[in-house]
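S.K.: Sharing a structure with you now.
The values are calculated or read from the model by the stated rules, or taken from the named source; none is laboratory data. Quantities reported herein were computed from a predicted structural model and do not represent experimental measurements. We place every Cβ from the backbone using ideal geometry, glycine too, and count neighbours over all the protein chains shown.
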Amino acid sequence: MSWIRCTGLGFISALYVLAGRWGLHRLASTEAEPDPFLELRLWIVMGGLVLASVGLVHRAHRAARPGETQPDTRLTKALLLFFGYMCTSALWAPDAGFALSKVYDLTLVVVMSVGFGLAAIRQPTGRVLDAFWGVVVAATAVLALTGVRQLLGGGGGARLAVLGGGPNVFARLMGMLSLGALYFWSRRGQAWLWIPMAATGVLLALLTGSRGGTASILVAIAIFLGVARIPLRRLALLALLATAASVAVITLSPLGKALTQSMEERFLRLTLKYEGHGDSESKVYLSGRESLYAAGYDLALRNPVAGAGLAAFPALGLGVYPHNIFLEVFCEGGALGLAFLAWLLLTFAHSAFRGRRGLDGATTGAAVLVLVGSQSSGDLYDSRALFLLMVMSTCTSAAGEEPARPLPDLYSTTAHGAT
């Protein structure tokens, strides 16, 4: 029964992270209006609620055992306060229609995030994480193959993306692939399989040309290495195999030329040598985000305390969203919204430090991946994985007051052909 619950929870939470706003209406031959009841995310969250109710019953049935997940009540309260305030700001929003649509988005986020913590109660931490990362790796690996096939077939355009999700979304998914591969490597060895897969995720992120996405992956991997406390000899093996895999892809596959062009265009010319319009000074090309940032900051300064109201940025015709999670909260929720968000992040940092011996490096790194990426792409709902991963990271580390199990020994796994 426990295996079924863990597998179901892992599948639902991974699908929630990956599915976005995709709905069955997109399968129609003509462009149909979005229907909330045809969107996959609604039914995913409903499934999470069912598992959450089972978790509550399980909690009432018996006490926690060593190695099982435990809810982080302080983080849950911080989540409810932040999202509760943001939804309340709909009361002074300039457009009720935009505000109600965003209230729906944020309600799904908080219900799924809090629901995960309840659904995972009394479950073995290893099973919960294995199920989640197993589904994530399988799904993102399929997307990676789709992207490569699209690129080699000439249909990928200048920047790599699949299923209409955009380069930034694809880069974030490739970051999840890399972290998922590192998760299984840190627990099972088999470096010959997982390290090249992790390196492939990074290379495909580079092919998207998403500078924010690539930077977030590198930061997330650094967090993983620090939290997981990877021994020096295993770190050397990681670097060696990742370098070998990258060199092989660049020199022996058709992706090498596309990767070189992406690096030269997006990371060198536009970032380091971009010439402004009629301006002799070199500027970093921000894909037009500088105007969104300026508009969001101006709106925030006009309503500094409580903000202009939920979804005020699109309602006032300034754009779809500011492309920065802190600026979005500031201009729509004001300084009060920023304070609640800061309290939420500080609560997570405190919980992570307190349970650091049982903290999972990949899950924590994934939360940082989304947080860093949200500074240049997406809105609050697009950053939904951040809040779910924070809950997942703390509720699985809460059981880790005892030292985390040691990583597989390199030489023993080599002897069995694992590396």
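S.K.: Which condition breaks for Leu207 when tested against (1) at pLDDT 80 or above; (2) within 23 Å of the chain's Cα centre (by Cα)?
M.R.: For Leu207, the failing item is (1).
S.K.: Can you pull out the residues in region 25-55 that are of a type in the set (A, V, I, L, M), at pLDDT below 70 and surrounded by 13 or more Cβ atoms within 10 Å (Cβ to Cβ)?
M.R.: Quick first cut of region 25-55, residues of a type in the set (A, V, I, L, M) only: 27-28, 32, 38, 40, 42, 44-46, 49-52, 54.
Narrowing further to those that are at pLDDT below 70: 27-28, 32.
Result: Ala32, single match.
S.K.: Next up: Restricting attention to region 83-121, which residues are in contact with a Cys (Cβ under 6 Å, 6 or more places away or on another chain) and of a type outside the set (A, V, I, L, M)?
M.R.: Answer for region 83-121, where residues must be in contact with a Cys (Cβ under 6 Å, 6 or more places away or on another chain) and of a type outside the set (A, V, I, L, M): just Gly117.
S.K.: Let me ask something else. Would you tally the residues in region 131-149 being more than 17 Å from the chain's Cα centre (by Cα) and in contact (Cβ under 8 Å) with a residue 24 or more places away in the chain?
M.R.: 2
Quick grid of which residues meet (1) buried (at least 21 other Cβ atoms within 10 Å of the Cβ); (2) small (Gly, Ala, Ser); (3) modelled with pLDDT under 85:
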| residue | (1), (2), (3) |
| --- | --- |
| Leu163 | no, no, yes |
| Thr214 | yes, no, yes |
| Ile217 | yes, no, no |
| Ala220 | yes, yes, no |
| Ile230 | no, no, yes |
| Ala236 | no, yes, yes |
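S.K.: Looking at Thr364, Thr413, which one is crowded, with 17+ Cβ neighbours inside 10 Å, modelled with pLDDT of 90 or more and not aliphatic (A, V, I, L, M)?
M.R.: Sole residue among the options that is crowded, with 17+ Cβ neighbours inside 10 Å, modelled with pLDDT of 90 or more and not aliphatic (A, V, I, L, M): Thr364.
S.K.: Which one is nearest to His350 (Cα to Cα), of the residues in region 57-92 that are loosely packed, with under 14 Cβ neighbours inside 10 Å and either at pLDDT below 80 or of a type in the set (Asp, Glu) (or both)?
M.R.: Pro66
S.K.: Looking at region 115-141, which of its residues are closer than 29 Å to Met86 by Cα and at pLDDT below 90?
M.R.: So the first thing to find is which residues in region 115-141 are closer than 29 Å to Met86 by Cα, and the list is 115-121, 132.
Listed by number, the residues that qualify are Gly115, Phe116, Gly117, Leu118, Ala119, Ala120, Ile121.
S.K.: So Asn303 fits all but one of (1) surrounded by fewer than 24 Cβ atoms within 10 Å (Cβ to Cβ); (2) polar (S, T, N, Q); (3) within 30 Å of Gly126 (Cα to Cα); what number is the exception?
M.R.: (3)
S.K.: Taking the conditions exactly as written (modelled with pLDDT under 80, within 19 Å of Ala139 (Cβ to Cβ) and not basic (Lys, Arg)), does Leu177 satisfy them or not? Give the steps one after another, and end with the answer.
M.R.: Numbers: modelled with pLDDT under 80: no; within 19 Å of Ala139 (Cβ to Cβ): yes; not basic (Lys, Arg): yes.
For Leu177, the condition - modelled with pLDDT under 80, within 19 Å of Ala139 (Cβ to Cβ) and not basic (Lys, Arg) - is not met.
S.K.: Just to check your reading of the model, which residue among Val247, Val227, Val202 is farther than 29 Å from Val128 by Cβ and either out of contact with any Asp or Glu (no Cβ under 6 Å at 6 or more places or on another chain) or part of a helix (DSSP H, G or I) (or both)?
M.R.: It is Val247.
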